[in-house]
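Structure, as structure tokens:
The values are calculated or read from the model by the stated rules, or taken from the named source; none is laboratory data. This structure is a prediction, so every number in the text was calculated from the model and none was measured. In this analysis, Cβ positions are derived from the backbone assuming ideal geometry, glycine residues included, and neighbour counts consider all displayed protein chains. Side chains are part of the model used for accessible areas, which takes the heavy atoms of the whole protein and leaves out ligands, DNA and RNA. Shrake-Rupley method; radii C 1.70, N 1.55, O 1.52, S 1.80 Å.
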Amino acid sequence: MSDRYFILFCGIFISDLYWLKATIFSFMSNLSNKMIEEINPEQTAIAWCFGYGSLVESYHNKAKYVEVNINYRRVWNAWNTKARATFLGLEKTIEKHAVNGVIYPIYSQKEIEDLDLREQGYSRLAIPHEDVKVLNEGLNETMQDMKLDSSMLLFTYVPNCDGNAPEAWFPILQSYVDLCANGFLRFRKEEQPRDASDPVRRFLDTTHKWSKYMLNDRVLARRPWVSEKNQFVIDDYLDDEDDVNDIPAALYPTDFSVRFFREIQEGLMTCGTDRKRYVSDNSTCR
């Protein structure tokens, strides 16, 4: 197969693959949000979990918007071999860093165990209550009435392998950035200026290790407004010249496969057609 046809194949393959993943991901997110919206005010929380990425959107209706000040910083460092992408994680640091996100209540030990199972490839990290500042008590009365008791366990998850930077084989996905940004948008006040208090601006500015390996895997990448209602708002944030980080453009699948053809080809040749090597779990780090 000539390089020209191989590049074309890569572009079509990547486009179809990420369209399918984005469709499934959107369906599961909507289903998750439906379940999360059903809050039982009679339940008593035993712990709170801090989410700093996609969980902000997933749990926005049953969470408080906060900022934690911990010896970690939010970075693109968590490879997910199922999605073939790099997600957000926390990286250990000497000095403390501010990380915004949400805390949501946990009502049973079983729920914690289920979280541990879902967050495979991550480990639980306890957060001292004095390192948490609540910025928004919640988007509904039920959450606003719930109080964060100092006796409750407060924790988050950090990746077991924290040195995995984005690359052609594990890019940053635009759909994942959209998901995170949508979550932070929900806590943005009307007419709020785009300064350090803006949840979305704060999220983008306090996220480190942005990379040139950004793939635009939106369902309709060239007409994203059809399926992503906040596309113009999110893109405007990403294009903002006043932001702290210079965030590269997310390339269309065909452009991505052309730009990083050799790296993608090397990955495909290494994996071959062996399913276990092509779609593996997160138990090991390359």
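Summary of computed values
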{"item": "Prolate/oblate/rounded label for region 55-98 (Cα gyration tensor, a/c 1.5)", "result": "oblate"}
{"item": "Sequence-separation-based contact order of region 47-266, relative, with Cα cut under 8 Å and 6+ spacing, percent", "result": "25"}
{"item": "Mean Cβ neighbour count within 10 Å, used as a protection proxy, ranking 204-217, 113-126 highest first", "result": "204-217, 113-126"}
{"item": "In Hz, Karplus ³J(HN,Hα) per residue of region 195-208 (6.51, -1.76, 1.60; θ = phi - 60°; x = Gly, Pro)", "result": "10, 5, 8, 6, x, 5, 4, 5, 4, 5, 6, 9, 9, 10"}
{"item": "q = 0.16, 0.21, 0.25 Å⁻¹: log10 I(q)/I(0) that the Debye formula gives for region 208-284, counting C-alpha atoms only", "result": "-0.82, -1.06, -1.16"}
{"item": "Sequence-distant residues sharing a close amide H with LEU153 (under 5 Å, placed H)", "result": "TRP48"}
{"item": "Straight-distance crosslink candidates among lysines, where the alpha carbon sits under 28 Å from LYS82 and sequence neighbours closer than 8 are dropped", "result": "LYS21, LYS34, LYS62, LYS92, LYS110, LYS209, LYS212, LYS229, LYS276"}
{"item": "Surface share of carbon and sulfur [accessible, 1.4 angstrom probe, percent] for region 47-266", "result": "48"}
{"item": "Heavy-atom accessible area per residue - region 85-200, 1.4 Å, Å²", "result": "47"}
{"item": "Where N is the number of residues in region 47-266, Cα Rg divided by 2.2 N^0.38 Å", "result": "1.02"}
